[in-house]
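Heads up: the structure comes next, in structure tokens.
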Amino acid sequence: MLRKALTLGMVFIFALSLLAVSMVTCLTYDAEAGGNGHAHLDCTNRITGASGTFHHHPGDPPWDCTHRTD
């Protein structure tokens, strides 16, 4: 019984370790995917005609955005 509990505990800890590694990898990849922090969005509002540069999408439509890395 004790051996079974220890085995299940080790499997649980191993699964949590894999989950933590995958989360860190995913978050790091997402952070780097935008051009090492230099990317931005050039957006234009279809209703008002206003335009701007954003690091994150300004929201749902009516914004049309183009991803820029320069």
Two-site label geometry, residue 55 and residue 8: point separation in nm, points 7 Å out along Cα→Cβ: 4.6
Gain upon complete extension [residue 24, residue 46; 0.36 nm per residue less C-alpha separation]: 4.2 nm
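Computed from the coordinates by the stated procedures, all read-outs in this text should not be read as laboratory data. Quick caveat: nothing in here was measured; it's all calculated off a predicted structure. Don't worry about glycine lacking a Cβ; one is built from the backbone with ideal geometry, like all the others, and counts go over all protein chains shown.
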